[in-house]
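Novice: Please find one structure pasted underneath; my questions will follow.
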Amino acid sequence: MPKRPIREKLLAERRHCSAETCLRLSLLIQERFLDSSAYRQAESIGLYSPVMNEVQTELVARRCLADAKRLAYPRVEGATLRFVEVFGSAQMVPGTFGILEPTGERSMPFDELDLLVVPGVAFDLAGNRLGYGKGYYDRALAVCLPGLDRVGFAYEFQLVEQLPAAAHDCRLTQLVTEQRILRFP
C-alpha cells in the first residue's frame, strides 16, 4: 500500500482521539518508557515536541532533567534537524510549523546522544516508521551512528503489519505503545 493513504487514515484517526484519551495513553507510554532499561542506561536523550495529538513527552522531559540526564530537542534549520541541549521548558518557543523548539545554542550531535525518541504517523512490526512526508527525521536518522538507540512513541492503533520501506531507511530499535515495548534487531 502506498504511504499517502496510510498517512491520511492514521492522521485522521489520531485527530479524532479526544484530548483526555491522548493524555491518558501518553502517560502510559511515557511511564512504560521510563521503566525501561533503555531509559535507565541512557545518559543523553533526544526528545521531540508533540503536535497534532502525538504522544506527549513532557513527563519524560521532566524526569530526564530530574535524573540529571542531558536532554536535547530538535530545531529545524533549513532541511535538517539540529538537536540543541535544554535545561528546562522555559528554553522552548514556537518555531517552524508551530512546533516548540529550543532557543539555546549548545548543539548535541548524534554521537553525543545515547537515545533518540522519534515521533511518527505509523510504525510497523519490523521497526519502520512513517512520518509526515517532509523527511526531517528520515534525514536525521540517516546520519545517526548505528549504536544510537532509536525509540518510537506511538499509540497502539498506529502500529500496522508492514509499511513501505526502502533499503536506505533507518529502522527503529524499539517502539513503545500503551500496551507494550517492541524491540527490533
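Values in this text are rule-based calculations from the coordinates and carry no lab data. Everything numeric here is computed off the predicted structure, so don't read it as measured data. So basically every Cβ, Gly included, is an ideal-geometry build from the backbone, and we count neighbours across all protein chains shown.
Novice: On a C-alpha basis, how far is the centre of region 100-147 from the centre of region 23-72 in Å? Whole number, if you could?
Specialist: 14
Novice: Over the Cα atoms of region 3-179, each weighted equally, I'd like the Debye log10 I(q)/I(0) at q = 0.09, 0.17 Å⁻¹, rounded to two decimals.
Specialist: Scattering profile of region 3-179, log10 relative to I(0): -0.28, -1.11.
Novice: With +1 on the Cβ of every Lys and Arg and -1 on the Cβ of every Asp and Glu, and nothing else charged, how large is the dipole of region 80-138 about its Cα centre, in debye rounded to the nearest 20? Mind showing how you got there, number by number?
Specialist: Working: 4 positive and 8 negative charges, 48 e Å.
In total the dipole reaches around 220 debye.
Novice: Label region 96-153 by shape, choosing from rounded, prolate and oblate, from the square roots a ≥ b ≥ c of the eigenvalues of the Cα gyration tensor; if a/c is under 1.5 it is rounded, and otherwise prolate applies when a/b is larger than b/c, oblate when it is not.
Specialist: Values: a/c = 2.06, a/b = 1.18, b/c = 1.75.
It comes out oblate by the Cα gyration axes.
Novice: While we're looking at this one, here's another question. Amide H of residue 150 versus every other amide H placed in the peptide plane: which residues, excluding those fewer than 5 positions away on the same chain, fall under 5 Å?
Specialist: Answer set, sorted by chain and number: 116, 173, 174.
Novice: Something else now. Once you mark the GluC sites (Glu not before Pro) that are in a DSSP loop and have at most 13 other Cβ atoms within 10 Å, what is the longest gap between them in the chain? Intermediate values should be presented prior to the final figure.
Specialist: Values: sites that count: 43, 105, 161.
For GluC sites (Glu not before Pro) (loop position, at most 13 other Cβ atoms within 10 Å), the longest site-free span of the chain is 44-104.
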